[in-house]
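The structure appears right after this line, and notes come after that.
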Amino acid sequence: MNPSTDRPVRIAGAGPSGLAAAITLARAGRRVAVHEARRDVGARFIGDFQVIENHSGPEPVPDLLARMGIEPDFYFRPATWAAFHDAGGRRTLVRSREPYAYFVRRGPLDGSLDRGLLGQAQRLGVEVRFRSRLDPGEADIVATGPATPDGLAKEITFETDEPEAIEVFFDHGRSPGGYSYLFILDGVATFGCAIVADFRNIDAYFERCLAAAQRARPFDAGRSLRTGYSYMNFHIKDTATLAGSRYVGEAGGF
């Protein structure tokens with residue numbers, strides 16, 4: 001990228017990595033155009049909870065976001081406890097002094113990470129073009145998500161009056177190579193099953209995990225129920241630069 005050129009920096013993909021790159025560049029004084037193939041940000045998500053981990057580096061996530069110029073004006077809740085279930089049904093409650101993660105919500109809805117980053121980018125003058133597909137070879141930054149996923153998750157999200165819960169279940173028979181999880185926070189719940197093998201049977205694995213979770217911690221999933229599938233990547237690529245483009249986020253294998 002040549003700072004002297006008058007054309008905007010072209011970013012393919014308006015997910016968190018693409019919009020974070022756009023915000024960083026806009027704050028540095030660059031013109032930026034983000035091309036998003038879908039009609040909205042977060043279109044492949046259903047308002048589900050995800051976590052930004054806060055334990056693998058010395059810099060706390062709020063400080064990292066501040067350094068990047070990103071405001072946490074979206075749902076952003078610290079987590080200091082969780083319960084883990086092993087395949088034998090044993091439950092272990094763990095707590096931490098500092099947040100081990102921050103919960104965010106994903107999808108095309110108010111308060112989500114996706115909508116929060118979109119608003120920040122647009123307020124900085126970033127042009128976001130929806131239903132616009134940019135070929136990676138034409139992009140300066142490629143942020144199009146996982147090309148070849150390593151994992152697959154099926155999730156449901158629903159409204160609930162149930163008590164809060166952060167429950168994670170490990171059982172390779174029900175979720176091969178992965179896990180299932182129940183998050184209930186602030187009147188919203190997400191239950192999901194994530195696997196890294198035998199993708200074609202995800203629906204069957206999901207039902208087994210759901211039944212086991214409801215035996216361990218009964219809950220009603222009836223209000224405003226939404227269902228979705230999402231892909232995951234766990235392997236980092238050898239390089240994040242290819243043919244002059246820069247690959248970021250899941251497109252870069254992160």
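Just so you know, all these numbers are worked out from the coordinates, no wet-lab data involved. Treat the numbers as computed from the prediction; the structure is a model and nothing was measured. Cβ atoms come from the backbone with ideal geometry, glycine included; neighbour counts cover every protein chain shown.
Mean-square fluctuations from a GNM of the chain, with a 10 angstrom spring cutoff on Cα atoms, peak among Glu138, Glu36, Glu159 at Glu138. Distances between placed amide hydrogens fall under 5 Å for Ala101 paired with Asn54, Ala79, all partners being 5 or more residues away or on another chain. Springs between Cα atoms under 10 Å define the GNM used for the chain, and in it the highest mean-square fluctuation of Pro218, Pro78, Pro16 occurs at Pro218. Summing +1 for each Lys or Arg and -1 for each Asp or Glu among the other residues whose beta-carbon sits under 14 angstrom from that of Asp73 gives +1.
Across the range 197-208, rounded Karplus estimates of 3J(HN,Hα) from the backbone phi angles (6.51 cos²θ - 1.76 cosθ + 1.60, θ = phi - 60°) give 8, 6, 4, 5, 9, 4, 5, 5, 4, 4, 4, 5 Hz, Gly and Pro being marked x. For Gly173, the shell of other residues with beta-carbons less than 15 Å away shows a net charge of -1, using +1 for Lys and Arg and -1 for Asp and Glu. In order along the range 99-113, phi translates into HN-Hα couplings of x, 8, 6, 10, 7, 10, 10, 10, x, x, 9, 4, x, 7, 4 Hz, rounded to whole numbers, per the Karplus curve 6.51 cos²θ - 1.76 cosθ + 1.60 with θ = phi - 60° and x for Gly and Pro. Taking Lys and Arg as +1 and Asp and Glu as -1, the other residues whose beta-carbon sits under 14 Å from that of Phe183 total -3. In terms of its alpha-carbon gyration tensor, the range 2-73 comes out oblate; a/c meets the 1.5 threshold, while b/c is at least as large as a/b. If only the Cβ of Lys and Arg carry +1 and only the Cβ of Asp and Glu carry -1, the dipole of the chain around its Cα centre is close to 380 debye.
Shape analysis of the range 144-197 places it in the oblate category; the axes a ≥ b ≥ c from the Cα gyration tensor give an a/c of at least 1.5, with a/b not above b/c.
Note on the chain: helix-only mean residue ellipticity at 222 nm, from DSSP H runs of 4+ residues weighted -39500 (n - 2.57) and normalised by residue number, equals -5500 deg cm²/dmol. Taking the Kirkwood radius as Rh and the Cα radius of gyration as Rg, the range 114-187 has a ratio of Rg/Rh equal to 1.11.
Modelled label positions at Gln214 and Ser56, each set 7 Å beyond Cα in the direction of Cβ, lie 3.4 nm from each other.
For the range 31-111, just say rounded, prolate or oblate: build the C-alpha gyration tensor, square-root its eigenvalues into a ≥ b ≥ c, call rounded for a/c under 1.5, and beyond that prolate if a/b exceeds b/c, oblate if not. It is oblate, given that a/c is not under 1.5 and a/b is not larger than b/c.
A Cα-only calculation for the range 127-254 places Rg and Dmax at 17.8, 52 Å. Here the Gaussian network model covers the chain, with springs between Cα atoms less than 10 Å apart; of Pro176, Pro136, Pro58, Pro58 fluctuates the most. Which log10 I(q)/I(0) values does the chain give at q = 0.08, 0.09, 0.10 Å⁻¹ under the Debye formula, counting every alpha carbon as one identical point scatterer? Values, matching the q order: -0.34, -0.43, -0.53.
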